[in-house]
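The values are calculated or read from the model by the stated rules, or taken from the named source; none is laboratory data. Everything numeric here is computed off the predicted structure, so don't read it as measured data. Please note: Cβ atoms are built from the backbone with ideal geometry, for glycine as well, and neighbour counts cover all protein chains shown.
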Amino acid sequence: MRNTYLAILCTALLAGQVGAQNSSGSSTTNQTGQWPTNWTYSLSAYTYFLPDSSVYVQPTFTADRQWLHLQGRYNYESLGTGSVWVGLNFNAGKKVSLSITPMFGGVFGKTSGIAPGYRASLDWRRLELYSEGELVFAFDRDSDSFFYNWSEFSVSPTDWLRAGLVMQRTRTFQADLDIQRGFFVGLSYKQFEITGYLFNPAERRPTYVISARVDF
């Protein structure tokens with residue numbers, strides 16, 4: 001059943017033939033003043049190593065073209081649950097750059113519902129504040145409605161290294177803390193990036209996350 005949901009996500013997104021902005025958040029028009037026609041994509045997988053020794057993978061596929069943002073997630077809202085999203089990309093500023101994408105999504109699987117959400121980043125020189133969140137309104141039970149959030153504050157001393165603080169609020173797995181906090185270090189090469197996260201470092205049994213992402 002989980003593989004079926006994942007296949008639906010990938011098929012729906014790929015059938016749309018969509019893409020993404022470049023990672024630098026550059027202007028959305030070319031030298032002739034016309035919208036660019038290129039599409040770019042991002043595929044990431046977050047592997048969670050939980051204190052109770054269980055492991056699960058949370059994949060995300062994004063596709064952006066000009067102002068349009070499409071996204072598919074699995075195991076994000078809860079295990080065995082998929083979600084599909086559509087949003088609008090907005091960019092502003094040069095020295096201090098702000099990018100924000102309001103989104104709206106449908107959630108299906110173990111948890112079913114609708115969800116408004118967002119992705120946003122604020123960049124200044126080698127500092128970045130990134131946040132993504134969604135408020136799920138569950139169809140089945142009001143108790144399943146929940147606000148999810150993932151936020152990072154990072155510094156990039158070089159083009160291939162970034163490190164910083166991270167926090168998340170999730171209901172995908174049971175945790176002693178409502179908001180989990182920690183640290184991360186990421187390494188990148190060309191369009192690839194791998195990042196290691198440590199949540200709740202003061203706890204006897206912290207949570208470890210390893211993410212891998214490729215942009216294309």
Kindly check whether there is at least one residue in the range 114-137 that is at pLDDT below 95, surrounded by 15 or more Cβ atoms within 10 Å (Cβ to Cβ) and within 19 Å of T81 (Cβ to Cβ).
-> no
Which of the residues belonging to the range 106-120 are without any contact (Cβ under 8 Å) to a residue 60 or more places away in the chain and in contact with a Ser or Thr (Cβ under 6 Å, 6 or more places away or on another chain)?
-> V107, K110, T111, R119, A120
Select from the range 36-60 the residues that are over 25 Å from Q174 (Cα atoms) and not polar (S, T, N, Q) and list them in ascending order.
-> P36, W39, Y41, L43
R213 vs. criteria buried (at least 16 other Cβ atoms within 10 Å of the Cβ) and in contact (Cβ under 8 Å) with a residue 60 or more places away in the chain = yes
Restrict the check to the range 60-72 and report whether at least one residue is closer than 19 Å to R213 by Cβ, in contact with a helix residue (DSSP H, G or I) (Cβ under 6 Å, 6 or more places away or on another chain), in contact (Cβ under 8 Å) with a residue 12 or more places away in the chain and aromatic (F, W, Y).
-> yes
Restricting attention to the range 87-134, and to residues there that are assigned to a loop (DSSP other than H, G, I, E, B) and more than 17 Å from E152 (Cα to Cα), which single residue is nearest to the chain's Cα centre (by Cα)?
-> N89
Output for the range 39-65, where each listed residue is at pLDDT below 95 and surrounded by fewer than 17 Cβ atoms within 10 Å (Cβ to Cβ) | D52, S53, S54
